[in-house]
Every structure is written in C-alpha cells, then in structure tokens.
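J.: This is the structure, below, for whatever I ask next.
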Amino acid sequence: MRRVAATALLAAGALALAGCGTGSDSGSGSGSGDSGADLSVSGAYMPQPVSDSMAAGFLTVTNDGDEAAELTSITSEIGQVTLHETVDSAMREMTDAEVPAHGRLVFESGANHLMFEKLKRKPKQGETVEIELHFAGTDPVTVEMPVKPATYRPASGH
C-alpha cells in the first residue's frame, strides 16, 4: 500500500511540475512578471475536510528569482481562502506573505497554512481543488491541489 501511495504521490508531483507555465491550469505554475521573481509551487494538498464549512491547505512556493515576491491573496471557486500563521500555538490571519529571493514560503501543518472557509461543497479524497495564488507585480499562479485522506502527512514534509 505504501508503494502505491508513494507512486501516486510521485505521479501527482510529476504532473504538477509538467505545467510550470504562467497562469497554467495544471498542478503547478510559475510566474515571472516585472518583479524579477521566478515562482513555482510544489507539494500542494488538502486533507479531506472533516467539517462541511472549513478545510486546510498546504504547499510550498519556491522563488528562484533575484527579487522577493509578495503573495497577496489566494482565490478558489470552492470557497474563501485566507493565509494563516501559527505563533505560540495560536492561529492568526495574515494579510500577505513574502517569498524571499532564492528562498521558499512553506505552508505546512502546525505553521503557516491556508484556510478554506465558507465551502460551497465538501471536497472528497481523490478530487482536486483549483486555487489561484496572486502576487504583487506578477501574473497569478494556478495550482491543482489534490484532496488527500484527512490523516495524510507527506513523507518528505515541505
């Protein structure tokens, strides 16, 4: 079973990397507008929500460019998406987040994460949820986020 899960995860990652064009509607995207940022997304997933109205999301944004990028918002047809951070075991909303030049912005369980609220429908394991990451000064990046089991934890982390 682990081998099948690992193979599925690798296949999903490969599909995600296959669509690295700006504004693509495949699993990963990259954007390089006037900002000097070179952005890509990996490791995106949503644990199957246990609530009918809320869910969490996790991913890593990598910037191989020479300038930082500012993530200003995330949108999705499934509901409202907000950025959150966890500080001293307390969750609080963030208005934006920086992806440093030659660095990463990680959204993972117990730390920075995405919150999906006011869900229009409850996503089920095996489905994908499309999100669009909006950055200051560059094109948005579209990501297909697979819905994983509620207890899913990536083997490699983020």
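The values are calculated or read from the model by the stated rules, or taken from the named source; none is laboratory data. Treat the numbers as computed from the prediction; the structure is a model and nothing was measured. Cβ atoms come from the backbone with ideal geometry, glycine included; neighbour counts cover every protein chain shown. When the accessible area is computed, the model is the full protein with side chains, heavy atoms only, and any ligands, DNA or RNA have been set aside. Shrake-Rupley method; radii C 1.70, N 1.55, O 1.52, S 1.80 Å.
J.: Sum up the charges of everything whose Cβ sits under 15 Å from the Cβ of Gln80, counting Lys and Arg as +1 and Asp and Glu as -1, but leave Gln80 out. If you can, show how the numbers build up before the last one.
T.: On the way: positive: Lys118, Lys120, Arg121, Lys122; negative: Asp52, Glu77, Glu93, Glu117, Glu130, Glu132.
With Lys, Arg at +1 and Asp, Glu at -1, the neighbours total -2.
J.: Would you please give the FRET efficiency between Ala90 and Ser51, computed as 1/(1 + (r/R0)^6) with r the Cβ-Cβ distance and R0 = 22 Å, to the nearest 0.05?
T.: Details: r = 20 Å, r/R0 = 0.89.
In this case the efficiency is close to 0.65.
J.: On average, how much accessible surface per residue is there in the stretch 69-158, in Å², for a 1.4 Å probe, leaving out ligands, DNA and RNA?
T.: Value returned for the stretch 69-158: 52 Å² of accessible area per residue.
J.: Same structure again: For Glu127, what charge total do you get from the other residues with a beta carbon under 11 Å from its beta carbon, if Lys and Arg give +1 and Asp and Glu give -1?
T.: +2
J.: With all protein chains present, how much of the accessible area of the stretch 35-147 (probe radius 1.4 Å) comes from carbon and sulfur, to the nearest whole percent?
T.: 45
J.: On the full set of protein chains, 1.4 Å probe, figure out the accessible area of Thr72 and give it in Å² to the nearest 10.
T.: Around 60 Å² of this residue is reachable by solvent.
J.: Sum up the charges of everything whose Cβ sits under 11 Å from the Cβ of Asp38, counting Lys and Arg as +1 and Asp and Glu as -1, but leave Asp38 out.
T.: Within the 11 Å Cβ shell, the charges total -3.
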